[in-house]
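What follows is a short report on a single structure.
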Amino acid sequence: MMIKQRRAWELPASAATPEAVFAQRRSLIQALAAGPILLAAGRLAPAKAEVAADPSSSLYPVKRNERYQLDARIPTPSKEELVTTYNNFYEFGSHKQISAAAQTLKTRPWTVTIDGLVEQERTIAIDDLLRQMPLEERLYRHRCVETWSMAVPWSGFPLKALVDFAKPQSSAKYLRMETFQDPDMASGQRQFWYPWPYIEGLTLAEATNELAFIATGLYGKPIPNQNGAPLRLATPWKYGFKSIKSIVRFSFTEERPVSFWETIQASEYGFWANVNPEVPHPRWSQAMETPLGSNQKVPTLLYNGYAEQVAGLYKGLENQPLYM
Ligand SMILES: Nc1nc2c(c(=O)[nH]1)N[C@H]1C(S)=C(S)[C@@H](COP(=O)(O)O)O[C@H]1N2
Ligand SMILES: [Mo]
């Protein structure tokens, strides 16, 4: 029997997991489990994905861009072993130990569709996209809304390069991003009470800010499935739920997209979600954070320490709920 020990940087589940939001739905779930419906149980578990060589592995490591530095709170990258085994990826389960389950994610073939308000809609294979994007490594901080944090070396390209490649029309105001949807491959997507697929959105000004990054690698290698292979967003000044994983679609829109978490609980997980230690989550303080692998809390910083790069994005938007 496995005894689950809570690690120091984890909050008690009752205090932090968004699943608490579903407490009121427990009766529905129990009713389903007791009844003859048993929707998910009839399905076969997907076969374990074959471990083929990743066709992008020869691209890494890439040159580090020294413009992006860590700070004294987490001065060196978090342990790779922790970053790749302590994850949020609800498509594979609503807990942190999904790294083994995520190995069923099949990342080739993988195509990315660019559509909506663009000069021409197109679908491109991931390896063709990677060949055309300016790859570099960046050390970035990451702050989850649940108060754990980490520092990691992402490889990838500025989201602006993809926006330029997409050639949005002048009427486009937002970028909407969507994760794959395949419940046979991702067991968590059989949890039908979640609003799959995972959706996130940014304003075009945010998407073209120098910090907005598409990560395709981690620790000088292709990004592991559990961290969002083959491409995921990194917006380090925002809470981690904005950094959508395993993206298949980028849509340019005039209307603000409604995200996965916003659909679930807009009062707790809003569109802007900028990190601010002075604005508590409705159920806990955001003043401090616990770096992965540490047993000490460190103070959280406004915009996760990236105010210099991003504060200007929010001038004139002070009436918006920028910090939740
Ligand atoms: N598609 C998808 N993207 C996602 C999530 C998810 O459940 N599904 N979780 C988010 C949350 S809450 C966080 S903190 C980060 C975690 O990234 P990591 O596992 O690489 O640390 O991914 C984000 N992106
Ligand atoms: Mo998160």
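The values are calculated or read from the model by the stated rules, or taken from the named source; none is laboratory data. What you are looking at is a predicted structure, and each value in this text was computed from that prediction instead of being measured. Note that we place each Cβ from the backbone using ideal geometry, even for glycine, and neighbour counts take in every protein chain shown. When the accessible area is computed, the model is the full protein with side chains, heavy atoms only, and any ligands, DNA or RNA have been set aside. Shrake-Rupley method; radii C 1.70, N 1.55, O 1.52, S 1.80 Å.
Counting other Cβ atoms within 10 Å, keep those with at most 16, restrict to DSSP loop, and tell me which chymotrypsin sites (Phe, Trp or Tyr not before Pro) in the range 183-231 are left.
Answer by residue number: PHE192, TRP193.
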Practice task
For TYR219, list long-range residues whose amide hydrogen, built 1.01 Å from N in the peptide plane, is under 5 Å from its own amide hydrogen.
Solution key: SER155
Fill in the blank from the handout: The lysines whose Cα lies under 22 Å from the Cα of LYS106, excluding any fewer than 8 residues away in the same chain, are LYS48, LYS96, LYS221, LYS245
Fill in the blank from the handout: For the range 207-256 the GluC sites (Glu not before Pro) that pass both the DSSP coil test and the at-most-11 other-Cβ-within-10 Å test are GLU254, GLU255
Practice task
On each of the three principal axes of the Cα atoms of the range 89-218, give max minus min coordinate, whole Å, ordered largest first.
Solution key: 40, 31, 27
Problem - Net charge of Cβ neighbours under 12 Å - reference PHE89; Lys, Arg +1; Asp, Glu -1 - result: +2
Problem - Relative counts (whole %) of C-alpha pair distances in the range 94-154, using bins that are 5 Å wide - result: 4, 11, 12, 14, 19, 20, 14, 5, 0
Fill in the blank from the handout: The set of residues whose placed amide H lies less than 5 Å from the amide H of ILE244, leaving out same-chain residues fewer than 5 positions away, is LEU233
Practice task
Counting only heavy atoms of the protein chains, get the accessible area per residue of the range 233-322 (1.4 Å probe) and round it to a whole Å² value.
Solution key: 41
Exercise for the section: Can you send over the carbon and sulfur percentage of the accessible area for the range 58-314, probe radius 1.4 Å, protein chains only? Expected result: 51
Handout entry: Label-point gap, in nm, between SER267 and ASP71 - each point 7 angstrom along Cα→Cβ
Key = 3.1
Handout entry: Residue-wise HN-Hα coupling along the range 252-265, computed from phi with Karplus coefficients 6.51, -1.76, 1.60 (Hz; x: Gly, Pro)
Key = 9, 9, 8, 9, 5, x, 9, 7, 3, 6, 5, 4, 6, 7
Practice task
Return the FRET efficiency for the residue pair ASP127, GLU308: r is the Cβ-Cβ distance, R0 is 35 Å, and the value is rounded to the nearest 0.05.
Solution key: 0.50
Practice task
Taking H placed 1.01 Å from N in the peptide plane, check which residues at least 5 places from GLY201 or on another chain put their amide H under 5 Å from its amide H.
Solution key: MET177
Exercise for the section: Using θ = phi - 60° and the Karplus relation 6.51 cos²θ - 1.76 cosθ + 1.60, list the HN-Hα couplings for the range 191-207 in order, rounded to whole Hz, with x at every Gly or Pro. Expected result: 7, 5, 7, 8, x, 5, x, 5, 10, 9, x, 9, 6, 5, 5, 5, 5
Handout entry: Qualifying GluC sites (Glu not before Pro) for the range 101-198 [loop in DSSP, other Cβ within 10 Å: at most 11]
Key = GLU119
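Taking a ≥ b ≥ c as the square roots of the eigenvalues of the Cα gyration tensor of the range 58-314, is the shape rounded (a/c under 1.5), prolate (a/b larger than b/c) or oblate?
Rounded is the answer for the range 58-314, as its axis ratio a/c remains below 1.5.
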Practice task
Return the aspartates and glutamates within reach of LYS242: Cα separation strictly under 16 angstrom, same-chain partners fewer than 8 residues apart disregarded; answer none if there are no such residues.
Solution key: GLU91, GLU146, GLU178, GLU200, GLU206, GLU262, GLU268
